[in-house]
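**Student:** Pasting a structure here, questions to come.
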(Lines give C-alpha, C1' and ligand atoms only; values in the text may rest on other atoms or scores of the structure.)
Protein backbone atom coordinates (compact mmCIF):
# COMPACT_ATOMS: atom_id res chain seq x y z
CA UNK A 1 0.00 0.00 0.00
CA UNK A 2 1.31 3.50 -0.84
CA UNK A 3 2.45 5.42 2.22
CA UNK A 4 0.93 8.89 2.53
CA UNK A 5 3.42 11.64 3.45
CA UNK A 6 2.39 14.75 5.38
CA UNK A 7 4.17 18.10 5.49
CA UNK A 8 4.77 20.06 8.67
CA UNK A 9 1.76 22.31 8.07
CA UNK A 10 -0.64 19.35 7.82
CA UNK A 11 0.85 17.71 10.92
CA UNK A 12 0.38 20.93 12.88
CA UNK A 13 -3.23 21.22 11.67
CA UNK A 14 -3.94 17.70 12.94
CA UNK A 15 -2.27 18.51 16.25
CA UNK A 16 -4.30 21.72 16.61
CA UNK A 17 -7.53 19.97 15.71
CA UNK A 18 -6.92 17.47 18.50
CA UNK A 19 -6.12 20.34 20.88
CA UNK A 20 -9.53 21.87 20.13
CA UNK A 21 -11.10 18.82 21.72
CA UNK A 22 -11.99 16.72 18.68
CA UNK A 23 -12.02 12.95 18.84
CA UNK A 24 -9.98 10.55 16.71
CA UNK A 25 -13.05 9.75 14.62
CA UNK A 26 -13.68 13.47 14.01
CA UNK A 27 -10.04 13.98 12.98
CA UNK A 28 -10.31 11.08 10.52
CA UNK A 29 -13.41 12.64 8.98
CA UNK A 30 -11.94 16.17 8.93
CA UNK A 31 -8.73 15.17 7.11
CA UNK A 32 -10.21 12.22 5.16
CA UNK A 33 -7.85 9.72 6.77
CA UNK A 34 -8.21 6.05 7.49
CA UNK A 35 -7.99 5.05 11.14
CA UNK A 36 -4.73 3.12 10.68
CA UNK A 37 -3.18 6.03 8.76
CA UNK A 38 -4.03 8.46 11.54
CA UNK A 39 -2.58 6.07 14.11
CA UNK A 40 0.70 6.04 12.19
CA UNK A 41 0.76 9.83 11.96
CA UNK A 42 0.10 10.17 15.69
CA UNK A 43 2.77 7.60 16.49
CA UNK A 44 5.46 9.15 14.28
CA UNK A 45 4.78 12.71 15.47
CA UNK A 46 3.94 12.03 19.12
CA UNK A 47 0.44 13.46 18.84
CA UNK A 48 -1.84 12.77 21.77
CA UNK A 49 -5.64 13.13 21.57
CA UNK A 50 -7.25 15.80 23.78
CA UNK A 51 -9.57 13.15 25.19
CA UNK A 52 -7.69 10.11 26.47
CA UNK A 53 -9.26 7.67 24.07
CA UNK A 54 -8.24 4.05 23.92
CA UNK A 55 -6.56 3.47 20.57
CA UNK A 56 -6.13 -0.14 19.47
CA UNK A 57 -2.52 -1.35 19.26
CA UNK A 58 -1.28 2.04 20.48
CA UNK A 59 1.13 1.02 23.22
CA UNK A 60 4.55 2.19 24.28
CA UNK A 61 7.45 0.41 22.59
CA UNK A 62 9.84 -0.92 25.23
CA UNK A 63 13.55 -1.67 24.96
CA UNK A 64 12.65 -5.37 24.94
CA UNK A 65 10.44 -4.76 21.90
CA UNK A 66 13.28 -2.99 20.09
CA UNK A 67 15.78 -5.75 20.92
CA UNK A 68 13.39 -8.46 19.77
CA UNK A 69 12.65 -6.67 16.49
CA UNK A 70 16.35 -6.04 15.77
CA UNK A 71 17.43 -9.59 16.63
CA UNK A 72 14.74 -11.17 14.49
CA UNK A 73 15.53 -8.84 11.61
CA UNK A 74 19.34 -9.12 11.80
CA UNK A 75 19.89 -12.78 12.65
CA UNK A 76 16.90 -14.59 11.13
CA UNK A 77 14.98 -14.68 7.87
CA UNK A 78 11.74 -13.76 9.59
CA UNK A 79 9.50 -11.65 7.38
CA UNK A 80 8.43 -8.22 8.60
CA UNK A 81 4.77 -9.26 8.73
CA UNK A 82 5.78 -12.15 11.00
CA UNK A 83 7.81 -9.81 13.22
CA UNK A 84 4.67 -7.70 13.53
CA UNK A 85 2.72 -10.76 14.71
CA UNK A 86 5.50 -11.79 17.09
CA UNK A 87 5.77 -8.39 18.77
CA UNK A 88 2.04 -7.59 18.56
CA UNK A 89 2.93 -4.10 17.40
CA UNK A 90 1.44 -2.22 14.45
CA UNK A 91 3.34 -2.51 11.18
CA UNK A 92 4.31 1.17 11.08
CA UNK A 93 5.83 0.91 14.59
CA UNK A 94 7.99 -2.07 13.61
CA UNK A 95 9.00 -0.36 10.37
CA UNK A 96 10.07 2.76 12.29
CA UNK A 97 12.31 0.69 14.56
CA UNK A 98 13.90 -0.93 11.52
CA UNK A 99 14.41 2.42 9.79
CA UNK A 100 16.02 3.84 12.95
CA UNK A 101 18.41 0.91 13.53
CA UNK A 102 19.32 -0.35 10.05
CA UNK A 103 20.67 1.46 7.01
CA UNK A 104 18.75 1.55 3.75
CA UNK A 105 21.48 -0.57 2.13
CA UNK A 106 21.15 -3.26 4.82
CA UNK A 107 17.36 -3.32 4.43
CA UNK A 108 17.57 -3.55 0.63
CA UNK A 109 20.25 -6.29 0.76
CA UNK A 110 18.15 -8.31 3.21
CA UNK A 111 15.07 -7.94 1.04
CA UNK A 112 17.01 -9.14 -2.03
CA UNK A 113 18.50 -12.09 -0.13
CA UNK A 114 15.12 -13.24 1.16
CA UNK A 115 13.60 -12.90 -2.32
CA UNK A 116 16.36 -15.05 -3.85
CA UNK A 117 16.01 -17.73 -1.18
CA UNK A 118 12.24 -17.78 -1.69
CA UNK A 119 12.80 -18.85 -5.32
CA UNK A 120 15.19 -21.75 -4.66
CA UNK A 121 14.38 -25.41 -5.30
CA UNK A 122 10.73 -26.35 -5.44
CA UNK A 123 9.77 -22.75 -4.63
CA UNK A 124 11.10 -21.56 -7.96
CA UNK A 125 8.06 -20.89 -10.20
CA UNK A 126 10.22 -21.62 -13.27
CA UNK A 127 11.42 -25.03 -12.09
CA UNK A 128 11.08 -27.68 -14.83
CA UNK A 129 9.48 -25.12 -17.15
CA UNK A 130 11.62 -25.59 -20.22
CA UNK A 131 10.92 -25.70 -23.94
CA UNK A 132 7.25 -25.23 -24.79
CA UNK A 133 6.27 -24.80 -21.13
CA UNK A 134 8.61 -21.83 -20.60
CA UNK A 135 6.73 -18.48 -20.75
CA UNK A 136 9.50 -16.93 -22.86
CA UNK A 137 9.55 -19.81 -25.32
CA UNK A 138 9.46 -18.75 -28.97
CA UNK A 139 8.91 -21.44 -31.57
CA UNK A 140 9.85 -19.17 -34.48
CA UNK A 141 12.42 -16.34 -34.37
CA UNK A 142 14.01 -13.94 -36.84
CA UNK A 143 17.75 -14.42 -37.39
CA UNK A 144 18.26 -10.70 -37.94
CA UNK A 145 19.01 -11.10 -41.65
CA UNK A 146 15.42 -11.66 -42.75
CA UNK A 147 15.26 -15.45 -42.36
CA UNK A 148 13.01 -17.35 -39.94
CA UNK A 149 14.33 -20.05 -37.63
CA UNK A 150 12.59 -22.77 -35.63
CA UNK A 151 13.61 -24.89 -32.67
CA UNK A 152 15.86 -27.69 -33.89
CA UNK A 153 13.74 -30.87 -34.35
CA UNK A 154 14.94 -34.07 -32.68
CA UNK A 155 15.32 -35.73 -36.07
CA UNK A 156 17.59 -33.00 -37.46
CA UNK A 157 21.14 -34.32 -37.91
CA UNK A 158 23.13 -31.10 -38.41
CA UNK A 159 23.72 -27.96 -36.35
CA UNK A 160 24.03 -30.09 -33.21
CA UNK A 161 25.27 -27.15 -31.16
CA UNK A 162 22.42 -24.83 -32.16
CA UNK A 163 18.95 -24.70 -30.66
CA UNK A 164 17.47 -23.32 -33.89
CA UNK A 165 17.41 -24.35 -37.56
CA UNK A 166 16.37 -22.30 -40.59
CA UNK A 167 12.66 -22.79 -41.18
CA UNK A 168 13.01 -23.12 -44.96
CA UNK A 169 15.54 -25.93 -44.43
CA UNK A 170 13.08 -27.83 -42.22
CA UNK A 171 10.19 -27.35 -44.67
CA UNK A 172 12.00 -28.66 -47.73
CA UNK A 173 13.74 -31.46 -45.80
CA UNK A 174 10.37 -32.74 -44.57
CA UNK A 175 8.95 -32.54 -48.10
CA UNK A 176 11.65 -34.68 -49.73
CA UNK A 177 12.52 -36.96 -46.81
CA UNK A 178 15.86 -35.51 -45.65
CA UNK A 179 17.20 -34.98 -42.14
CA UNK A 180 19.47 -32.10 -43.14
CA UNK A 181 20.43 -30.05 -46.19
CA UNK A 182 23.15 -31.96 -48.10
CA UNK A 183 26.58 -30.38 -48.27
CA UNK A 184 26.96 -28.22 -51.38
CA UNK A 185 23.24 -27.46 -51.67
CA UNK A 186 21.17 -24.42 -50.70
CA UNK A 187 17.45 -23.75 -50.38
CA UNK A 188 16.34 -21.01 -52.79
CA UNK A 189 13.32 -18.73 -52.28
CA UNK A 190 11.71 -18.47 -55.71
CA UNK A 191 9.90 -15.16 -55.13
CA UNK A 192 12.87 -13.63 -53.32
CA UNK A 193 10.98 -13.30 -50.02
CA UNK A 194 13.08 -15.07 -47.33
CA UNK A 195 10.07 -15.28 -45.00
CA UNK A 196 7.82 -17.05 -47.52
CA UNK A 197 8.63 -20.61 -46.54
CA UNK A 198 5.74 -22.33 -48.28
CA UNK A 199 7.01 -25.47 -50.02
CA UNK A 200 5.78 -24.09 -53.36
CA UNK A 201 8.21 -21.19 -52.98
CA UNK A 202 11.29 -23.29 -52.20
CA UNK A 203 13.78 -25.06 -54.45
CA UNK A 204 16.79 -27.19 -53.50
CA UNK A 205 19.71 -26.17 -55.73
CA UNK A 206 23.38 -26.99 -55.73
CA UNK A 207 25.61 -23.99 -55.06
CA UNK A 208 26.71 -23.70 -58.71
CA UNK A 209 23.16 -23.59 -60.04
CA UNK A 210 22.17 -21.15 -57.32
CA UNK A 211 25.04 -18.82 -58.20
CA UNK A 212 24.15 -18.97 -61.94
CA UNK A 213 20.51 -18.19 -61.13
CA UNK A 214 21.42 -15.07 -59.16
CA UNK A 215 23.94 -14.01 -61.82
CA UNK A 216 21.28 -14.33 -64.52
CA UNK A 217 18.78 -12.46 -62.34
CA UNK A 218 21.30 -9.69 -61.77
CA UNK A 219 21.90 -9.33 -65.52
CA UNK A 220 18.17 -9.24 -66.23
CA UNK A 221 17.73 -6.48 -63.67
CA UNK A 222 20.61 -4.54 -65.26
CA UNK A 223 19.05 -4.83 -68.73
CA UNK A 224 15.71 -3.69 -67.31
CA UNK A 225 17.29 -0.60 -65.71
CA UNK A 226 19.09 0.32 -68.95
CA UNK A 227 15.88 -0.13 -70.91
CA UNK A 228 14.04 2.21 -68.57
CA UNK A 229 16.65 4.89 -69.37
CA UNK A 230 16.33 4.40 -73.15
CA UNK A 231 19.65 2.57 -73.56
CA UNK A 232 19.47 -0.19 -76.21
CA UNK A 233 16.03 0.91 -77.47
CA UNK A 234 15.66 0.12 -81.21
CA UNK A 235 13.92 3.44 -81.75
CA UNK A 236 17.08 5.30 -80.64
CA UNK A 237 18.64 4.90 -84.11
CA UNK A 238 15.73 6.61 -85.88
CA UNK A 239 15.78 9.44 -83.41
CA UNK A 240 19.47 10.18 -83.94
CA UNK A 241 19.42 10.08 -87.78
CA UNK A 242 19.23 13.39 -89.75
CA UNK A 243 15.65 13.61 -91.08
CA UNK A 244 16.89 15.57 -94.12
CA UNK A 245 19.49 12.99 -95.16
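The values are calculated or read from the model by the stated rules, or taken from the named source; none is laboratory data. Treat the numbers as computed from the prediction; the structure is a model and nothing was measured. Here Cβ is always computed from backbone atoms with ideal geometry, including for glycine, and neighbour counts include all displayed protein chains.
**Student:** Surrounded by 17 or more Cβ atoms within 10 Å (Cβ to Cβ) and either at pLDDT 80 or above or more than 44 Å from the chain's Cα centre (by Cα) (or both): which single residue out of 11, 61, 80 fits that description?
**Tutor:** On the way: 11 fails: surrounded by 17 or more Cβ atoms within 10 Å (Cβ to Cβ); 61 fails: surrounded by 17 or more Cβ atoms within 10 Å (Cβ to Cβ).
Of the residues listed, the single one that is surrounded by 17 or more Cβ atoms within 10 Å (Cβ to Cβ) and either at pLDDT 80 or above or more than 44 Å from the chain's Cα centre (by Cα) (or both) is 80.
**Student:** Restricting to the range 194-223, name every residue that is within 41 Å of the chain's Cα centre (by Cα) and loosely packed, with under 11 Cβ neighbours inside 10 Å.
**Tutor:** Our first condition is that a residue be within 41 Å of the chain's Cα centre (by Cα); within the range 194-223, this holds for 194-204.
Result: 200, single match.
**Student:** Moving to a separate point now. Within the range 143-166, track down each residue that is exposed (fewer than 12 other Cβ atoms within 10 Å of the Cβ) and under 18 Å from residue 193 (Cα atoms).
**Tutor:** 144, 145, 146
**Student:** I've got another one for you. Quick one: would you say residue 154 is within 26 Å of residue 214 (Cβ to Cβ) and either assigned to a helix (DSSP H, G or I) or at pLDDT below 95 (or both)?
**Tutor:** Values: within 26 Å of residue 214 (Cβ to Cβ): no; either assigned to a helix (DSSP H, G or I) or at pLDDT below 95 (or both): yes.
Taking the combined requirement at face value, the residue does not satisfy it.
**Student:** Is it fair to say residue 215 is out of contact with any strand residue (DSSP E or B) (no Cβ under 8 Å at 6 or more places or on another chain) and at pLDDT below 90?
**Tutor:** Numbers: out of contact with any strand residue (DSSP E or B) (no Cβ under 8 Å at 6 or more places or on another chain): yes; at pLDDT below 90: yes.
Spelling it out, residue 215 is indeed out of contact with any strand residue (DSSP E or B) (no Cβ under 8 Å at 6 or more places or on another chain) and at pLDDT below 90.
**Student:** Please pick out the residue among 127, 123, 96 that is modelled with pLDDT under 90, surrounded by 11 or more Cβ atoms within 10 Å (Cβ to Cβ) and more than 24 Å from residue 40 (Cα to Cα). Write out each step before concluding.
**Tutor:** Numbers: 123 fails: surrounded by 11 or more Cβ atoms within 10 Å (Cβ to Cβ); 96 fails: more than 24 Å from residue 40 (Cα to Cα).
So the residue among 127, 123, 96 that is modelled with pLDDT under 90, surrounded by 11 or more Cβ atoms within 10 Å (Cβ to Cβ) and more than 24 Å from residue 40 (Cα to Cα) is 127.
**Student:** I need the full set of residues from the range 167-193 which are buried (at least 18 other Cβ atoms within 10 Å of the Cβ) and either free of Cβ contacts under 8 Å to residues at least 24 places away in the same chain or not assigned by TED's automatic domain parsing to the domain that holds residue 208 (or both), in order please.
**Tutor:** 169, 170, 173, 181, 187, listed by residue number.
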